[in-house]
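Okay, structure first, notes after.
The values are calculated or read from the model by the stated rules, or taken from the named source; none is laboratory data. A quick note: this is a predicted structure, and the numbers were derived from the prediction, not measured. Cβ: placed from backbone, ideal geometry, glycine included. Neighbour counts: every protein chain shown.
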Amino acid sequence: MTVRAKFQLQQVTANHWGPSKTLKFYASYDPSIPEDQRFAKATPSGSFEMTVDNPAALEQFELGKQYYFDITEAPN
């Protein structure tokens with residue numbers, strides 16, 4: 001089973017080492033968007049933080065944009 005969550009990138013912080021940055025995402029909610037209303041019933045709040053050290057990967061993210069996080073169990 002996969003769980004999908006919708007988050008907005010709200011903070012990007014440069015780190016002291018190399019080109020890495022810490023990205024902070026928060027659950028997205030706009031009451032005028034039907035999809036957000038559905039997501040809010042299942043995941044009303046939450047946050048996700050990750051540090052990315054790959055410049056090509058960092059180019060994929062833009063402050064203020066929304067992203068889906070699909071969560072599936074990883075095999076051992």
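For residues that are among the hydroxyl-bearing types (Ser, Thr, Tyr) and not in a loop (DSSP other than H, G, I, E, B), scanning just the range 15-31, find the one that is farthest from Glu49 (Cα to Cα). The qualifying residue farthest from Glu49 (Cα to Cα) is Tyr26. Restricting the first member to the range 51-76 and to residues that are more than 21 Å from Glu35 (Cα to Cα), and the second to residues that are surrounded by 10 or more Cβ atoms within 10 Å (Cβ to Cβ) and of a type in the set (S, T, N, Q), the beta-carbon pairs closer than 7 Å and six or more apart or on different chains are Thr51/Asn15; Thr51/Ser20; Thr51/Thr22; Val52/Ser20; Asp53/Ser20. Here Met50 meets the list (1) within 28 Å of Pro75 (Cα to Cα); (2) among the hydrophobic types (A, V, I, L, M, F, W, C); (3) modelled with pLDDT of 95 or more; (4) surrounded by 14 or more Cβ atoms within 10 Å (Cβ to Cβ) almost entirely, failing just condition (4). Of the residues screened, Asn15 is one that is surrounded by 11 or more Cβ atoms within 10 Å (Cβ to Cβ) and out of contact with any helix residue (DSSP H, G or I) (no Cβ under 9 Å at 6 or more places or on another chain). Within the range 16-29, the set of residues being within 17 Å of the chain's Cα centre (by Cα) and closer than 26 Å to Glu59 by Cβ comprises Ser20, Lys21, Thr22, Leu23, Lys24, Phe25, Tyr26, Ala27, Ser28. For the range 36-76, a residue qualifies if it is outside any loop (DSSP other than H, G, I, E, B) and of a type in the set (Asp, Glu), and the qualifying residues are Asp36, Glu49, Asp70.
When the range 53-76 is limited to residues that are loosely packed, with under 13 Cβ neighbours inside 10 Å and polar (S, T, N, Q), the one that is modelled with the highest pLDDT turns out to be Gln60. Candidates in the range 1-46 are the residues that are charged (D, E, K, R) and modelled with pLDDT of 80 or more; of these, the one that is nearest to Asp70 (Cα to Cα) is Arg4.
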